[in-house]
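Engineer: A single structure is presented below for examination.
The values are calculated or read from the model by the stated rules, or taken from the named source; none is laboratory data. Just so it is clear, the structure is predicted and the values come from calculations on it, not from any experiment. Because the Cβ atoms are built from the backbone with ideal geometry, glycine has one as well, and the counts that use them run over all protein chains shown.
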Amino acid sequence: MTINPQDFADHIAHLVRTIPEDPEITRAADLFTKALTAGGVIQAFGSGHSEAVAMEIAGRAGGLVPTNRLALRDIVLYGDAPRSELDRYDLERDPAIARTILDLAPVQRHDLFVIISNSGVNGVVVELATLVKERGHDLIAITSRTHGEAAASRHPSGRKLVDLADVVLDNHAPYGDSILSLPDGGATGAVSTISSALLAQLVVTQTVRNLLEAGEVPPVYLSANVPEGDAHNLRLEALYAGRIRRGA
């Protein structure tokens, strides 16, 4: 058996062509637009490699300024949990962590949540989604339907992320995430980060289009590495003082 990187590239190219056709992208962008128009902030959470996708949504060049990234380490950075908690291999499976993360976050009533999880079954993800819905917020999930359907929930309720989200964006990653089979079992060539980042950017760009069509000026970041980038960004961030965290 030979591993062919071109097979991986061809698979990703297929996803790049087909994922933009998903009508759920428009629904997600409508929720983004609704939240921003009402003065809300987009709250993005992902654990493990899914945090990379939360970073696509919150605080990057070309992205929306009223965005905030939640993370497992918030329990240490903003709470009183010891640093050793972050060394737990099962931290993202612990539902109790979700309430701490949410209670520490600068959340207001019109905020929208985006939870990214390839499996959508771990305790902290499902519990956070549960709490978000109980508190009346709209919720978008970025996940793999294929993996989620094949995996057992790790939440006491038996529910999964897809059971709680208002909009589900399917990243089309296979069960186990990787697509190139290895001779002795397992696979290489992970899909979910690439396809989930694509979904995130499609939603953001459609949201910017929505705002422009409504006659509004989209609050979009400039790169900090271009002239006037810092001044532009700091001016817009000041409008959301105390509601968005940067740098952690």
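Engineer: Of the residues L164, L131, which single one is out of contact with any Gly (no Cβ under 9 Å at 6 or more places or on another chain), without any contact (Cβ under 8 Å) to a residue 60 or more places away in the chain, under 21 Å from P95 (Cα atoms) and crowded, with 19+ Cβ neighbours inside 10 Å?
Structural biologist: L164
Engineer: Quick one: which residue in L202, L180, L198 is modelled with pLDDT of 95 or more and in contact with a strand residue (DSSP E or B) (Cβ under 7 Å, 6 or more places away or on another chain)?
Structural biologist: Being modelled with pLDDT of 95 or more and in contact with a strand residue (DSSP E or B) (Cβ under 7 Å, 6 or more places away or on another chain) holds for just one of L202, L180, L198, which is L180.
Engineer: Could I ask something else about it? Which of the following residues is buried (at least 17 other Cβ atoms within 10 Å of the Cβ), among the small types (G, A, S) and within 23 Å of the chain's Cα centre (by Cα): A197, A224? Spell out how you get there, then give the answer.
Structural biologist: On the way: A224 fails: buried (at least 17 other Cβ atoms within 10 Å of the Cβ).
When all the criteria are applied, what remains is A197.
Engineer: If you check T146, T207, T188, which single one turns out to be modelled with pLDDT of 95 or more, among the hydroxyl-bearing types (S, T, Y) and under 14 Å from I42 (Cβ atoms)? Walk me through it before giving the result.
Structural biologist: Working: T146 fails: under 14 Å from I42 (Cβ atoms); T188 fails: under 14 Å from I42 (Cβ atoms).
Answer to the selection: T207.
Engineer: Can you go through R83, R109, R159 and tell me which one is in contact with a Ser or Thr (Cβ under 7 Å, 6 or more places away or on another chain), surrounded by fewer than 17 Cβ atoms within 10 Å (Cβ to Cβ) and among the charged types (D, E, K, R)?
Structural biologist: After ruling out the rest, the residue left standing is R159.
Engineer: Out of the range 130-160, which residues are under 19 Å from I57 (Cα atoms) and either of a type in the set (D, E) or assigned to a helix (DSSP H, G or I) (or both)?
Structural biologist: Those that are under 19 Å from I57 (Cα atoms) and either of a type in the set (D, E) or assigned to a helix (DSSP H, G or I) (or both): V132, D138.
Engineer: Being touching a Ser or Thr at 6+ places or on another chain (Cβ under 6 Å), assigned to a helix (DSSP H, G or I) and within 22 Å of V16 (Cα to Cα) is true for just one of T193, T207, T188. Which residue is that?
Structural biologist: Numbers: T193 fails: touching a Ser or Thr at 6+ places or on another chain (Cβ under 6 Å); T188 fails: assigned to a helix (DSSP H, G or I).
Just one listed residue meets the conditions, T207.
Engineer: Return the residues of the range 70-91 that are charged (D, E, K, R) and part of a loop (DSSP other than H, G, I, E, B); say none if nothing qualifies. First the steps, then the outcome.
Structural biologist: Keep residues of the range 70-91 that are charged (D, E, K, R), which gives 73-74, 80, 83, 85, 87-88, 90.
Answer for the range 70-91, where residues must be charged (D, E, K, R) and part of a loop (DSSP other than H, G, I, E, B): R73, D80, R88, D90.
Engineer: Is there any pair with a first residue in the range 202-213 that is closer than 9 Å to A29 by Cα and a second that is crowded, with 18+ Cβ neighbours inside 10 Å and of a type in the set (S, T, N, Q) whose Cβ atoms are under 7 Å apart and which are 6 or more apart or on different chains, and what are they?
Structural biologist: T207/T33; N210/T33
Engineer: I'd like to check which helices (runs of 4 or more DSSP H) are fully inside the range 1-57 and have at least 1 residues that are among the hydrophobic types (A, V, I, L, M, F, W, C) and surrounded by 22 or more Cβ atoms within 10 Å (Cβ to Cβ).
Structural biologist: 24-37, 51-57
Engineer: Looking only at the range 210-236, count how many residues are hydrophobic (A, V, I, L, M, F, W, C) and assigned to a loop (DSSP other than H, G, I, E, B).
Structural biologist: Count: 5.
Engineer: Of these, R145, R135, R209, R159, which one is more than 30 Å from L64 (Cα to Cα) and of a type in the set (K, R)?
Structural biologist: After applying the criteria, what remains is R159.
Engineer: Determine which member of the set R93, R83 is touching a Lys or Arg at 6+ places or on another chain (Cβ under 6 Å) and over 29 Å from T26 (Cβ atoms).
Structural biologist: Sole residue among the options that is touching a Lys or Arg at 6+ places or on another chain (Cβ under 6 Å) and over 29 Å from T26 (Cβ atoms): R93.
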